[in-house]
Amino acid sequence: MKDNNKHVCPVEEANVLDNFFRKLVQNPKNILKHYVKEGMTVLDIGCGPGFFSVGMAGMVSTSGKVIAVDLQQGMLDKIKNKIEGTEIENIIELHKCEDDRIGISTKVDFVLAFYMVHEVPDKDKFLKEIYSILKPDGTLFIVEPSFHVSKKAFEETVNRADSIGFSQIKKPKIILSRAVVFIKHT
Ligand SMILES: C[S@@+](CC[C@H](N)C(=O)[O-])C[C@H]1O[C@@H](n2cnc3c(N)ncnc32)[C@H](O)[C@@H]1O
């Protein structure tokens, strides 16, 4: 069901999501090391200023690809400025989406939805599109902020994903967060 009242994190608050302190408490490599490997094609949906996109670019390396997707051009511009002229520039592909359509045709091995699902107006549609974008046996990692998303609301998202056909494999512990990892079984 569509909920139009969701707050979308403003570009002006992007610095809160991309700083040295966060690297200490939510280190992308530590959080994602069991799921993101060299050569993979991965999707960072709701990438914001690219804290995880940049982290994953180092993990997939030059043989892989990170598709960084956001509905706000301002967030994508922040990533563009950060990676321009660096060695990861060619690993990260930027894509602007709509709030109800991701709209990429590439099939991916891994999807990260970090602190963004609660901002999505139609979660069923969103999760179904992710299901169609993932390769068979691909992985979806959802992380929500525990200070914004109640246990009940998080479980509703988990149940939605279950009913679409995802299988839960783990509920990792991440500071200030609620997290779940799914596999797409076909
Ligand atoms: C709180 S920020 C998190 C950014 C990033 N994932 C991180 O953890 O640093 C949420 C981001 O999701 C984006 N977003 C919200 N709804 C979206 C949607 N339906 N599709 C794609 N991106 C969305 C917002 O523009 C914002 O950049």
Cross-chain or 6+ apart pairs with Cβ under 6 Å, the range 164-175 first and closer than 18 Å to Lys128 by Cα, then basic (Lys, Arg) and open to solvent by 40 Å² or more (accessible area, probe 1.4 Å): Ile164/Lys128
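Taking the range 19-45 on its own, how many of its residues are among the charged types (D, E, K, R), within 12 Å of the ligand (Cβ to nearest atom) and free of Cβ contacts under 8 Å to residues at least 60 places away in the same chain?
So the answer is 2.
From the residues in the range 68-87 that are more than 12 Å from the ligand (Cβ to nearest atom) and outside any helix (DSSP H, G or I), which one is most open to solvent (accessible area, probe 1.4 Å)?
Ranking the candidates gives Glu87 first.
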Residue match in the range 47-60 (condition: touching a Gly at 6+ places or on another chain (Cβ under 7 Å) and either surrounded by 12 or more Cβ atoms within 10 Å (Cβ to Cβ) or under 23 Å from Ile174 (Cα atoms) (or both)): yes
Candidate set from the range 132-169 (those that are open to solvent by 50 Å² or more (accessible area, probe 1.4 Å) and touching a Lys or Arg at 6+ places or on another chain (Cβ under 6 Å)); member that is farthest from Thr186 (Cα to Cα): Arg160
Residue in the range 88-100 that is open to solvent by 40 Å² or more (accessible area, probe 1.4 Å), within 18 Å of Gly48 (Cα to Cα), without any contact (Cβ under 8 Å) to a residue 40 or more places away in the chain and assigned to a helix (DSSP H, G or I) present: no
Test: residue in the range 112-125 that is of a type outside the set (A, V, I, L, M) and free of Cβ contacts under 8 Å to residues at least 12 places away in the same chain: no
Residue satisfying all of: in the range 105-116; open to solvent by 10 Å² or more (accessible area, probe 1.4 Å) and in contact with a strand residue (DSSP E or B) (Cβ under 6 Å, 6 or more places away or on another chain); farthest from Ala179 (Cα to Cα) among these: Lys107
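The values are calculated or read from the model by the stated rules, or taken from the named source; none is laboratory data. From a predicted model like this one, the values you see are computed outputs, not experimental measurements. For neighbour counting, all protein chains shown are included, and Cβ atoms are generated from backbone atoms with ideal geometry for every residue, glycine included. With ligands, DNA and RNA removed, areas are computed over all heavy atoms of the protein, side chains included. Shrake-Rupley method; radii C 1.70, N 1.55, O 1.52, S 1.80 Å.
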